[in-house]
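The values are calculated or read from the model by the stated rules, or taken from the named source; none is laboratory data. Quick caveat: nothing in here was measured; it's all calculated off a predicted structure. FYI the Cβ positions are ideal-geometry reconstructions off the backbone, even for glycines, and counts take in every protein chain you see. Protein only, heavy atoms only, side chains kept; ligands, DNA and RNA dropped before computing areas. Shrake-Rupley method; radii C 1.70, N 1.55, O 1.52, S 1.80 Å.
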Amino acid sequence: MEKEQHPPNLEGRNLMSDLEKRIEKAQKFLSRFRKEPLGHFINGQSVKGESKETFGNITPVDNSRLGDVWSGTSSDIETASIAAEQAFLGGWRDMVGAKRCEILYAIADGIEARAEEIATVESMDTGQPIRFMQKAAIRGAANFRFFGDKAVEAGKGLSLPAEHHHNFTTRHPLGVVGVITPWNTPFMLSTWKIAPALASGCTVVQKPAEFSPYTATLLAEIAYAAGLPKGVLNVVNGFGESAGKALTEHPLIKAIAFVGESQTGSYIQAQAAPTLKRLHLELGGKNPCIVFDDADMDRALDAAVFMQFSLNGERCTSSTRLLVQETVYEEFTAKVARRINKIKVGHPLDPNTEIGPLIHPTHHEKVMGYFEIAKEDGATVAVGGGRKGSEGCYVKPTLFTGAHNSMRIAQEEIFGPVLTAIPFKGEAEAIEIANDTEYGLTAYVWTENSPKGMRVAKQLEAGMIWINSENNRHLPAPFGGMKASGIGRDGGDWSFDFYMETKNTCIAYGTHSIPKLGI
Ligand code: NAD
């Protein structure tokens, strides 16, 4: 990184020594991954699997190798799926919800006990700043407790009386489910899928992203230490095109919970079609943040900058298109530019760092490519627009102005700390621009006029809308997108609808006449 990150004053020296201590600790946590290639976690054990090939895992801090990982094969997926099926039939399916709740609570305790390790390993593996990863680890524990509580009544249903019959519904776990996760916040997203799957009585085979494999293994270790019966959670590392594809095609897998790119989601739909799997797809986004001239400008400014520049901008819910009413466009974008200029880019383990390195050199190259594309399309690079430092995958936080919505920087998911500002005249145009995208994950609306906020929210094509707020997650609320941003919802009871089958049982009172044939 550039020297300017650590000015040689007293404060800087203290910071450096703290950072050095954190790096030293990180090396201890990471040393296990250097000793031998990371294997899979199948039937409660760490195993090498069938493959003869490994792939290298790097840290985007300086692109140095953290270790090697065994590249899972279809035969590893087969072994893991059989182990998960046996665990499902052998007891997990029929375990009383209160007992599953106990185990999920014990997993939450285990996550909290290893939260520092999880956050540190995740930061080094992904480049995500430690300030956010600390919270992500704790949120992972909260997910296990939340869905643990719900395990108790996961099988609940409705009572639907009729004149001569009584119908009642019950829910039953699907069986073995496949969980395929991306690299942006891998630990938190894994818990978001795995906790409700386990709470509902399903067993799991997970395929973590190849760019960020480590914390999935930590979660499996924690789960088994907490008393999870063997085979209930299995992890197979490897590439999407091999291990991931095999998981989506395996006949024992009843459903796939997928988080990743829209293009990958469509491949998965095709791959899973022959075995008729249930799918939940959480995909990309190009989310608008609409700022009207009657908004609370200070709060809107905080939220707009936070939602695009937290988590390195590698965030599906990021507010990547900033739509500002033309009456306040110049003033507001000037304030945004000043804030972006002050964002601290640095080592992800430094608690002062607000933006760390992007996940991998290939993604870094993709994001950097948009700086040229923006200029070719006629936009202005108002702030940033280039590499930061000489090593690792750092970029300067960037603001594009002079843009319109048909430019590639306004249509394509860049997935980096890059914001495109676009002016609009009034309510109708704001809605038109906001909806003019193939995606529909989230939208943010800023106005002090509540009826206007409600009118706009009603017309926005997005699965999740926040009015006068940044993304603020409430675990019982549904999460998911429209259009190319996904199919299905999870969160709260929606997760149980996905991981469980609803069965209707109809009992006759013996009072109705049965049609007679062959008399
Ligand atoms: P990706 O689609 O490249 O990979 C995601 C996972 O899919 C990885 O584990 C990968 O190995 C696997 N995969 C790839 N090809 C596959 C195939 N043919 N069959 C089965 N599995 C396959 O996504 P990414 O680059 O890791 O993550 C970034 C993307 O995730 C962004 O588009 C982002 O918006 C999206 N995302 C969405 C949400 C949401 O909730 N909507 C949340 C986080 C990230």
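Give the range 14-53 a look and list any residue that's in contact with a Lys or Arg (Cβ under 7 Å, 6 or more places away or on another chain) and basic (Lys, Arg), or say none. Those that are in contact with a Lys or Arg (Cβ under 7 Å, 6 or more places away or on another chain) and basic (Lys, Arg): none in the range 14-53. Across the range 124-133, not a single residue is classified as within 25 Å of the chain's Cα centre (by Cα), over 19 Å from SER495 (Cα atoms) and without any contact (Cβ under 8 Å) to a residue 12 or more places away in the chain. Six or more apart or on different chains, Cβ under 7 Å: which pairs go from a residue in the range 278-292 that's over 16 Å from GLY480 (Cα atoms) to one that's within 15 Å of the ligand (Cβ to nearest atom) and part of a loop (DSSP other than H, G, I, E, B)? Could you list them? Hits for this filter: CYS289/SER319.
Looking across the range 350-366, the residues that are buried (at least 17 other Cβ atoms within 10 Å of the Cβ) and out of contact with any Asp or Glu (no Cβ under 9 Å at 6 or more places or on another chain) come down to THR353, GLU354, ILE355, HIS360, HIS364. For THR217, the conditions (1) surrounded by fewer than 19 Cβ atoms within 10 Å (Cβ to Cβ); (2) within 30 Å of GLY416 (Cα to Cα); (3) of a type outside the set (D, E, K, R) all hold with the exception of (1).
Please find, within the range 253-279, the residue that is farthest from the ligand (Cβ to nearest atom) out of those that are buried (at least 18 other Cβ atoms within 10 Å of the Cβ) and under 19 Å from ILE82 (Cα atoms). Taking the candidates together, the pick is LYS254. Elements of the type strands (runs of 3 or more DSSP E) sitting completely within the range 114-208 and holding at least 3 residues that are at pLDDT 95 or above and more than 16 Å from the ligand (Cβ to nearest atom): these cover 159-161, 165-173. Number of residues in the range 235-252 that are outside any loop (DSSP other than H, G, I, E, B) and either within 7 Å of the ligand (Cβ to nearest atom) or modelled with pLDDT under 95 (or both): the value is 6. Considering each residue of the range 37-47 in turn, at least one proves to be open to solvent by less than 40 Å² (accessible area, probe 1.4 Å), modelled with pLDDT of 95 or more and at positive phi. Residue check: GLY346 meets all listed conditions (1) within 16 Å of the ligand (Cβ to nearest atom); (2) crowded, with 22+ Cβ neighbours inside 10 Å but one, namely (1). Any chance the range 316-323 includes a residue that's polar (S, T, N, Q) and more than 16 Å from the ligand (Cβ to nearest atom)? No, the range 316-323 contains no residue that is polar (S, T, N, Q) and more than 16 Å from the ligand (Cβ to nearest atom).
GLY157 falls short on exactly one of the conditions (1) closer than 17 Å to PRO208 by Cα; (2) touching a strand residue (DSSP E or B) at 6+ places or on another chain (Cβ under 9 Å); (3) open to solvent by 10 Å² or more (accessible area, probe 1.4 Å), and that condition is (1).
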